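Below: the structure, in structure tokens.
The values are calculated or read from the model by the stated rules, or taken from the named source; none is laboratory data. As the structure is a prediction and not an experimental result, all values here were calculated from the model. No Cβ is skipped: glycine too gets one built from the backbone with ideal geometry, and neighbour counts run over all protein chains shown. Side chains are part of the model used for accessible areas, which takes the heavy atoms of the whole protein and leaves out ligands, DNA and RNA. Shrake-Rupley method; radii C 1.70, N 1.55, O 1.52, S 1.80 Å.
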Amino acid sequence: MHHFARRTAGFTAVLAAAGLVLAGCGDDDDKGDSVKSGMASMTGMVTSMMSPGSGTGSPTRTGEESTGTTGATATTGASAEGTKIATPGGEIAVDGDIYEKYTQLGGPTGTLGLPLEAEEKGPEDGEYQDFAGGTIYEAKDGDPHVVWGEIRKAWEDNGGAQGQLGYPVSDEKDIPGGKQSDFSGGTITWVNGTITVTPK
């Protein structure tokens with residue numbers, strides 16, 4: 001219990017320090033870059049606090065100008081913006097639209113957690129990437145969407161992106177009594193613990 005209290009106090013101190021850095025440090029001319037690099041550093045620090053001794057979760061950003069900030073090593077190039085996340089299995093890249101969706105959901109400290117593997121090609125030139133808390137799927141000409149939990153299990157049991165339901169066209173949303181995800185070929189609902197698959 002004593003270890004938990006120390007970790008909580010340390011976590012609070014890191015968040016307070018990071019807040020001060022993000023709120024006021026840096027020149028006004030490059031404040032946007034300063035905030036981005038500060039956020040990357042803070043994400044790495046928070047993840048390190050959450051996983052003591054593991055050295056995991058520290059992002060290394062790509063597709064931007066070099067910031068010179070520890071934990072936010074950046075490179076320039078024509079590639080889409082992305083991140084390399086340190087995981088127990090080594091660094092794993094998260095790029096492009098999947099990266100944008102991942103950061104919207106909080107990155108390594110968000111609901112998806114750490115990436116489990118690199119982005120992979122899906123059916124019909126789509127893409128997907130698995131994370132500890134779910135998977136982000138993107139059809140070739142679509143937007144990235146998260147599929148997780150019981151809805152993901154039911155979708156995979158019905159063939160996933162290769163099945164009749166196809167790729168997700170929405171994120172999971174709240175409905176009375178449960179959740180729903182929409183797919184190009186139908187919907188899956190989870191209401192009061194019961195899964196219902198409805199093809200179009």
message: Of everything in region 99-146, what is open to solvent by less than 30 Å² (accessible area, probe 1.4 Å), in contact with a helix residue (DSSP H, G or I) (Cβ under 7 Å, 6 or more places away or on another chain), more than 17 Å from residue 89 (Cβ to Cβ) and assigned to a helix (DSSP H, G or I)? Give them in sequence order.
response: 107
- prompt: Would it be correct to say that residue 92 is within 10 Å of the chain's Cα centre (by Cα), surrounded by 18 or more Cβ atoms within 10 Å (Cβ to Cβ) and not polar (S, T, N, Q)?
  reply: no
field: Residue satisfying all of: in region 79-98; outside any strand (DSSP E or B) and within 18 Å of residue 126 (Cβ to Cβ); modelled with the lowest pLDDT among these
entry: 80
